[in-house]
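Below is one structure, written out as structure tokens; the observations come after it.
We did not get these values from a lab; they are worked out from the coordinates using the rules stated. All figures in this text were calculated on a predicted structure; none of them were measured in a lab. With ideal geometry, Cβ positions are generated from the backbone for all residues, glycine too; neighbour counts draw on all protein chains shown.
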Amino acid sequence: MVETTLHNPDAISTAEEARAIRLTRARRRSRNNIFRHIFLIICSLIMIYPLLWMVSASLKPDNEIFGTLWLWPSEFQWNNYVEGWDALVVSFSRFYMNSIIITVLSVIGNVISCSFAAYAFARLEFNGRNIWFSLMMMTLMLPYHIVLIPQYLLFLQLGWIDTYLPLVVPKFLATDAFFIFLMVQFFRQLPRELDEAAMMDGCSPFKIYWAIIMPLSIPAMATAAIFSFIWTWQDFLGPLIYLNDVKDYTVPLALRMFLSQDSVSLYGEMFAMSVLSIVPIFLFFVIFQRLIVQGIAMSGLK
């Protein structure tokens with residue numbers, strides 16, 4: 001075969017053409033990969049630029065923040081972080097603590113109550129299950145502003161205004177239909193044989209949930225916890241409606257206090273505290289992102 005190839009000019013030419021074609025294709029793929037990476041890098045820089053600008057603004061003097069789009073400060077103002085922490089009538093540590101209390105309680109309430117409701121819709125048989133599930137899904141299409149006034153009147157009658165109760169108690173009553181739907185979809189992927197085997201061993205529905213469903217659903221619950229944490233931490237409208245005392249304000253309300261129409265606005269300190277306000281969200285996501293990946297990977301479990 002080798003001798004035939006060596007003494008056959010056509011075979012040699014064909015082999016060289018094949019190598020040339022493979023080399024051309026490899027160069028084309030390499031060039032396309034380079035362009036693709038350059039495009040993705042540009043898009044990433046465009047998306048991350050506002051965050052970089054905020055960090056840069058937190059280190060600039062006030063007269064330089066809105067004067068240029070250049071990120072590098074002419075002079076680093078590290079004291080923006082020190083002065084911003086105590087610039088308001090209440091220390092920012094108090095606002096941090098208020099947000100932590102509300103957010104932690106909301107996450108716990110959402111995960112527990114929504115997982116209970118999702119377990120009932122996904123694994124239990126009861127009359128009107130499909131109707132109640134459809135009604136629950138319909139609430140996803142209702143804007144928050146529609147129910148805002150009725151809820152406010154209800155909480156006013158209960159005497160809960162200017163307390164954390166309107167922001168926390170509904171979370172323990174499975175009022176977030178999105179998290180229920182998310183967990184229902186996950187619970188339905190778990191094998192029914194697990195429930196049947198547990199029932200044969202004498203387990204009650206709650207025991208099945210506690211010993212079998214919940215351990216297998218940690219990725220889904222972590223996903224719900226992350227979204228609940230982010231949405232509650234950055235919520236501005238809810239605390240604005242129900243909280244009147246400055247000492248009870250959350251971080252988003254406190255950031256708004258740096259802007260004043262009657263006096264000088266503290267832009268540098270505001271951006272410095274804005275940077276600190278996203279640190280808990282970033283850390284919470286980094287800690288639990290592995291569970292989110294597991295939840296996506298397990299979504300195809302049969």
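Think of the chain as a dipole: +1 on every Lys or Arg Cβ, -1 on every Asp or Glu Cβ, centred on the Cα centre; then among Leu23, Tyr96, Gln234, Leu23 lies furthest on the positive end. Taking mean projected area of the Cα convex hull in nm² straight from the coordinates, which label in (1) 16.9; (2) 29.1; (3) 33.5 is the correct one? Working out mean projected area of the Cα convex hull in nm² from the coordinates points to (2).
Summarising the label geometry, the points placed 7 Å from Cα in the beta-carbon direction at Leu158 and Phe206 lie 2.3 nm from one another.
Per-residue 3J(HN,Hα) values for the range 133-145, derived from phi via the Karplus relation 6.51 cos²θ - 1.76 cosθ + 1.60 with θ = phi - 60°, read 5, 5, 5, 4, 5, 5, 5, 5, 8, 8, x, 4, 5 Hz in sequence order (x marks Gly and Pro). Sorted fewest first by neighbouring Cβ atoms within 10 angstrom, Asp201, Asp235, Asp176 come out as Asp201, Asp235, Asp176.
Across the chain, the relative contact order, built from alpha-carbon pairs under 8 Å that are at least six residues apart, equals 28 percent.
Rounded to the nearest 20 debye, the dipole magnitude of the chain is 1000 debye, with +1 charges on Lys and Arg beta carbons, -1 on Asp and Glu beta carbons, and the Cα centre as origin.
Most tightly packed first, judged by the mean number of other beta-carbon atoms within 10 Å of their residues, the peptides 270-278, 210-218 read 270-278, 210-218. Of the residues Ser56, Ile108, Gly84, the one whose Cα sits farthest towards the positive end of the charge dipole of the range 9-112 is Ile108 (charges of +1 on Lys and Arg Cβ, -1 on Asp and Glu Cβ, taken about the Cα centre). The convex hull drawn around the Cα atoms of the range 1-154, when projected onto a plane and averaged over every direction, covers 24.6 nm².
3J(HN,Hα) along the range 88-104: 8, 5, 10, 4, 5, 5, 5, 5, 4, 5, 4, 5, 5, 4, 5, 5, 4 Hz, from the Karplus curve 6.51 cos²θ - 1.76 cosθ + 1.60 with θ = phi - 60°, whole Hz, x for Gly and Pro.
With the Kirkwood sum run over all distinct C-alpha pairs, the range 150-302 has a hydrodynamic radius of 18.8 Å.
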